[in-house]
Amino acid sequence: MKLFDVTNSIPQTNYSLSRQYSPEGICYHITGDSTRGQAVSWFRNPSSQVSAHYVIEKNGDTFLCVYPESKAYHCGRIEKPSAQIYFDKGQLNPNNYLIGIECVSNGEPLTTEQWQSLTTLTLDLCNTYKIKIDRYHLVGHNELDSIGKVFDPISSYKVDDVVNAVTLLKMQGGGKVDENKVHWAQGIFDFLKSQGIEIHETRFDDKITRGEVFSLLSQIIKKQKGELL
């Protein structure tokens with residue numbers, strides 16, 4: 001993941017240097033366009049009065065637009081929310097405690113490079129700010145605005161998949177997560193076995209899919225009620 005710091009080019013009309021809380025979660029977005037540089041350019045426009053902390057381009061390049069310790073304006077509008085963290089925070093503006101990550105997409109699936117950057121960045125942020133990797137702390141924009149942002153993120157880019165992928169990434173100690181194949185699955189199985197979890201009739205080869213491992217992991221998590229984490 002190549003990270004470019006462009007914070008100096010973002011005008012203060014588009015973010016606040018302070019926030020009421022340290023980062024406690026992450027909100028995922030799509031930009032709504034597919035043009036390289038367009039999202040960052042929009043955040044640089046003083047009249048936009050919007051921003052996100054990070055933008056991930058289709059080639060995986062990641063732009064740091066606002067430091068996570070500051071408040072980006074990425075999810076302040078609330079309409080028929082479902083995210084429990086929002087209610088538990090007393091319906092406080094989520095910009096005060098969520099990190100915003102934008103992936104460049106107009107509805108098309110993320111590229112492999114975007115997926116790898118997204119999962120790597122998420123794990124880095126969760127490690128840095130002690131954010132738990134679960135669906136309570138990692139949310140989609142549509143869980144805060146289910147009316148205006150119903151497709152943000154998109155069906156092929158589900159927050160459930162991000163949580164599962166980052167969980168596996170953490171288990172294997174970092175590195176790249178391939179969106180389509182997980183040839184590193186044997187290490188995951190070894191980890192599960194080391195935790196005393198029985199795994200029967202598992203298939204390991206270079207063609208095992210991410211979905212197959214996620215399905216296995218989901219079943220185990222349900223049975224173990226979170227003991228893996």
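Given their separation in residues at 0.36 nm each and the Cα-Cα distance between them, ASP33 and GLN12 gain 5.2 nm when the chain is fully extended.
Summing Lys, Arg as +1 and Asp, Glu as -1, what charge do residues with Cβ under 14 Å from the Cβ of GLN38 carry, GLN38 excluded? Once positives and negatives cancel, what remains is -1. Beta bridges assigned by DSSP with both partners in the stretch 3-132 are antiparallel in approximately 30 percent of cases.
Using the Cβ-Cβ distance between SER41 and GLU108 with R0 set to 22 Å, the FRET efficiency works out to roughly 0.65.
Annotation: amide H-H contacts under 5 Å for ILE26 (H modelled 1.01 Å from N, sequence separation of 5 or more, or interchain): ILE99, LEU138, VAL139.
Taking only protein heavy atoms and a 1.4 Å probe, the accessible area of the stretch 13-54 is 47% carbon and sulfur.
How much length would be gained if the chain were fully extended between THR128 and ILE147, taking 0.36 nm per residue of separation minus their Cα-Cα distance, in nm to one decimal?
Numbers: separation 19, 0.36 × 19 = 6.84 nm, distance 3.23 nm.
Full extension from THR128 to ILE147 adds 3.6 nm.
Since only LEU121, TYR86, THR111 are under comparison, the one whose Cα sits farthest along the positive direction of the charge dipole of the stretch 64-124, derived from C-beta charges on Lys, Arg, Asp and Glu, is TYR86. When the listed pairs LYS58/LYS170; LYS80/LYS170; LYS71/LYS130; LYS89/LYS149 are checked against a 26 Å cut-off, the alpha-carbon distance exceeds it for LYS80/LYS170. Look at where the Cα atoms of the stretch 3-22 and of the stretch 69-96 average out, and the two centres are 17 Å apart.
Within the accessible area of the stretch 55-159, what % is carbon and sulfur when the probe is 1.4 Å and the other protein chains stay in place? Provide the component values of the computation, followed by the final result.
Numbers: 2050 of 4120 Å².
About 50 percent, which is the carbon plus sulfur part of the accessible surface.
Per residue, how large is the accessible surface of the stretch 1-90? Use a 1.4 angstrom probe and give square angstrom.
Details: 4420 Å² over 90 residues.
With all protein chains present, the stretch 1-90 gives 49 Å² per residue.
The values are calculated or read from the model by the stated rules, or taken from the named source; none is laboratory data. Since the model is a prediction, treat every value here as computed from it, not as a measurement. A quick note on method: Cβ atoms are made from the backbone with ideal geometry, for glycine too, and the neighbour counts reach across all protein chains shown. For accessibility, only protein heavy atoms count, side chains too; no ligands or nucleic acids. Shrake-Rupley method; radii C 1.70, N 1.55, O 1.52, S 1.80 Å.
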